[in-house]
Ligand SMILES: *Cc1c(COP(=O)(O)O)cnc(C)c1O
């Protein structure tokens with residue numbers, strides 16, 4: 001780590017006249033550019049030698065923690081390993097296509113989309129999928145628009161409520177609100193599952209849908225789904241499944257068989273693909289038989305041996321919309337998901353759920369004497385601790401998360417779900433070896449011991465990262481996301497924007 005360079009902008013490393021390139025003389029003459037398009041002032045670009053540029057970006061890349069660096073047990077986010085073959089396939093020049101190319105010249109790319117649609121149907125029990133939405137939350141919005149269109153097509157316009165469990169991912173209520181629907185919260189019972197008795201009085205002819213995550217964000221399988229689906233369907237609502245994290249169900253169970261009508265999956269979680277930092281993602285939406293026409297267009301269909309992009313709205317003029325994104329979605333992510341599924345094959349896909357479940361339970365059982373486990377029993381792919389068992393020393397979940405960084409582990413998801421004050425949500429994924437998981441368990445035990453014997457070392461962590469603790473409140477209230485460059489008589493100055 002070159003500490004001198006750390007944290008500086010490339011502009012701050014700039015010196016007038018330094019160059020990191022040597023280009024051949026341009027064959028074009030200045031006057032070939034129309035006057036109106038020419039700069040009147042030189043662009044303000046950093047002037048650095050090549051070595052400074054290389055070190056600057058290499059040092060930055062090494063300050064990032066990714067799943068390629070180490071164990072990343074970030075619950076609900078499924079930081080699954082992204083196999084290198086995905087990148088090789090996504091980089092093939094044959095897939096470097098223009099979205100407006102004629103169909104006959106992109107049959108291979110359309111086949112990629114079609115085959116993934118078919119595979120997602122097979123894995124989830126849905127009748128059809130659109131690959132257009134570009135994130136999980138975008139899928140939720142698309143799915144809810146699909147549901148609203150279905151109700152409107154029957155002239156049923158008073159359905160404005162969406163029921164969302166209190167343990168749901170924050171995007172669920174947010175998507176419902178963005179869709180113009182009213183969010184109604186249903187409580188969890190003492191077992192961490194949707195409370196059916198709390199649900200019953202919320203049902204009526206104004207309910208558009210109920211959104212559920214299963215396993216829920218506590219990693220628990222919702223055992224009452226058949227009953228909940230019956231109740232919601234009886235009042236005329238539809239069942240929405242948040243399948244962002246489908247890992248534990250892969251090859252084991254299908255939302256379509258449980259009574260769900262509409263769902264999304266996150267390709268950038270369940271089906272590999274690196275994510276974080278806001279993208280790129282893909283959140284395909286699936287529907288059960290009878291709702292296919294309400295999915296947005298365009299859509300890839302197969303006609304004999306030829307793939308075809310369907311653009312017309314069909315019989316139903318109330319689809320979720322002709323477009324929810326540009327063209328046919330985030331193609332490179334779709335391609336990675338197909339590669340991932342094909343490289344696993346049918347047999348190995350079936351092992352994803354059981355292995356993800358085994359790994360999570362192994363960690364949970366190994367650590368429950370040191371970390372408070374509010375809900376005992378079997379979990380699926382993830383589980384939640386409520387901080388340390390020993391709270392007498394005042395060591396919090398945040399402290400433990402920061403101390404993990406010193407030991408080279410990414411922190412779990414913390415303070416979510418909101419059901420427990422000191423929530424720590426751990427998801428190892430199916431990828432990790434026993435040695436890696438044992439290493440994590442060992443370090444978690446060690447931090448628990450430190451918290452008791454030498455609490456200050458945990459409370460003041462991290463000690464070994466380039467930046468210690470940041471002021472979360474200041475960062476949220478006064479984020480500094482841009483900078484201004486001031487040029488004064490050839491001298492440059494950088495100020496926060
Ligand atoms: C990640 C996640 C989402 C949202 O997905 P984005 O791609 O981040 O928009 C929704 N629900 C659950 C349960 C998730 O884990």
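Let me know the volume per residue of the alpha-carbon convex hull for segment 89-144, in Å³.
Cα-based convex hull of segment 89-144, divided per residue, equals 118 Å³.
Ranked highest first by average number of other Cβ atoms within 10 Å, how do 206-218, 252-264 line up?
206-218, 252-264
Taking 4 °C and 1.567 mPa s as the conditions, I'd like the Stokes-Einstein D for segment 24-161 in µm²/s, using the Kirkwood hydrodynamic radius from alpha carbon pairs.
Approximately 59 µm²/s, per Stokes-Einstein.
Please give the contour-minus-distance gain from residue 81 to residue 60: 0.36 nm per residue of separation, less the Cα-Cα distance, rounded to one decimal in nm.
So the chain would gain 5.4 nm between residue 81 and residue 60.
May I ask for the equivalent-ellipsoid semi-axes of segment 215-369, computed as the square root of five times each C-alpha gyration tensor eigenvalue and listed largest first in whole Å?
That gives 30, 22, 14 Å for the three semi-axes.
Antiparallel versus total DSSP beta bridges in the chain: what percent is that, nearest 5?
60 percent
Please compute, over every Cα-Cα pair in segment 149-269, the percentage with a separation greater than 19 angstrom.
43 percent
What translational diffusion coefficient, to the nearest whole µm²/s, does the chain have by Stokes-Einstein, given a Kirkwood radius computed over alpha-carbon pairs, a temperature of 37 °C and 0.692 mPa s viscosity?
Details: Rh = 25.4 Å.
Estimated via Stokes-Einstein, D reaches 129 µm²/s.
Quote the convex hull volume per residue of segment 218-264, based on C-alpha atoms, as a whole number of Å³.
So the per-residue hull volume is 79 Å³.
Quick one, what does Rg over Rh come out to for segment 342-413 if you take C-alpha atoms and the Kirkwood Rh?
Taking Rh as the inverse mean 1/r over Cα pairs, Rg/Rh reads 1.09.
Does segment 164-234 come out rounded, prolate or oblate, given a ≥ b ≥ c as the square roots of the eigenvalues of its C-alpha gyration tensor, rounded meaning a/c under 1.5 and, failing that, prolate meaning a/b above b/c?
Here segment 164-234 falls in the oblate category.
Kirkwood Rh over alpha-carbon pairs of segment 395-458, then Stokes-Einstein at 4 °C and 1.567 mPa s: what D in µm² s⁻¹, rounded to an integer?
Roughly 104 µm²/s, to the nearest whole number.
Can you tell me which of 298-309, 333-344, 221-232 comes out highest on packing, and rank the rest after it, using the mean Cβ neighbours within 10 Å?
For the peptides 298-309, 333-344, 221-232, the packing ranking is 333-344, 221-232, 298-309.
Every read-out reported here was derived from the displayed coordinates using simple, explicitly stated rules and does not represent laboratory data. Treat the numbers as computed from the prediction; the structure is a model and nothing was measured. Every residue, glycine as well, gets a Cβ built from its backbone with ideal geometry; the counts of neighbours run over all protein chains shown.
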